[in-house]
1. Can you run phi through the Karplus equation (6.51, -1.76, 1.60; θ = phi - 60°) for the stretch 207-215 and list ³J(HN,Hα) in whole Hz, with x for Gly and Pro?
2. How far is helix 160-180 tilted, in degrees, relative to the longest principal axis of the Cα atoms in the chain, given as a value from 0 to 90 rounded to the nearest 10?
3. Of the cross-linked pairs 42/110; 98/212; 73/110; 26/78, which ones have a Cα-Cα span greater than 23 Å in the structure shown?
4. The stretch 93-162: which chymotrypsin sites (Phe, Trp or Tyr not before Pro) are DSSP loop and have at most 12 other beta-carbon atoms within 10 angstrom?
5. For 227, 88, which order do you get if you count the other beta carbons within 10 Å of each Cβ and list the fewest first?
6. Could you tally the net charge around residue 227, taking each other residue with its Cβ under 12 Å from the Cβ of residue 227, Lys/Arg +1 and Asp/Glu -1?
7. Which whole-number percent is the relative contact order of the chain (Cα, under 8 Å, 6+ apart)?
8. Using modelled amide H (1.01 Å from N, peptide plane; none on Pro or chain starts), what sits under 5 Å from the amide H of residue 147, excluding residues fewer than 5 places away?
Amino acid sequence: MLKGMVSLVTGGASGLGKATVERLVKNGGKVVILDIQGTRAKEVAKGLGSDVMVSVGSVTSEDDIKKTLELTKSKFGKLDALVNCAGYAQTYQVYNFKKDKECTAEDFQKCLEINTFGTFNVIRLACGLIGKNTPNDDGQRGVIINTASTIAFEGDIGQAAIAASSAGIVGMTLPLSRDLAPQGIRVITLAPGIFETPLVTYLPDKMIDFIKRMTPFPSRLGKPEEYAQLVTSVIENPMLNGTVIRIDGAQRWFPL
């Protein structure tokens, strides 16, 4: 099923997105990477050959996304799957009483803008191209896979913005799947726990060690390749639709 499939992966230059790009290509797929990290994205593509194209841009920009979709159509002729991995993370408490200073509105808005709006922005523009595919025997034309976080359900101190932005992605999963069901497009959201990606650099070592201890099994951070494996499993299973899947080793958050 993956062979010959064309995917658009946002945030594909690093972390979960990069691992997804690599796995899709390894299984015979073709991929377009949309990422603001142009140099890094081109390095990823160079290592994978002609089946990967790069479009430098932001998920919050309509022009950048439209340009990316035009590239996808001109190079590969179609779009079968969208995997939204682009994201932003930052921790801060709503009010620092030691400094007598509130968090900035801009920090909160940036999380919502990139994570929640960015995810929706790519979906609303890409689903039209996916919907033009010839349906298979099930009537399916394509699949959309979003990335949230378990923080949406169990956010800790300083994670209000990440939790809110992830919860927005979780909340729109079922309505979007219902919107797109008549056209045979599935929508699923994956909610990883803490994985070994550049995004975890905002966490102090003390918290990372704590997370490992509080993960029942396996007691470690997740590996990007494990996320990518779940992406391909979702693509291959047509009954997965309108739901959120946690991938976290039974990881749960407790106040430090």
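1. These are the phi-based 3J(HN,Hα) values: 6, 4, 4, 4, 4, 4, 5, 8, 9 Hz.
2. 30 degrees
3. On the way: 42/110 26 Å; 98/212 29 Å; 73/110 30 Å; 26/78 19 Å.
Cα-Cα > 23 Å for 42/110; 98/212; 73/110; rest within.
4. Answer in residue order: 97.
5. 88, 227
6. -1
7. 20 percent
8. The answer is 84, 190.
Values quoted throughout were computed directly from the atomic coordinates according to the rules given, and no laboratory measurement underlies them. What you see is a predicted model; the values in this text were computed from it and never measured. Don't worry about glycine lacking a Cβ; one is built from the backbone with ideal geometry, like all the others, and counts go over all protein chains shown.
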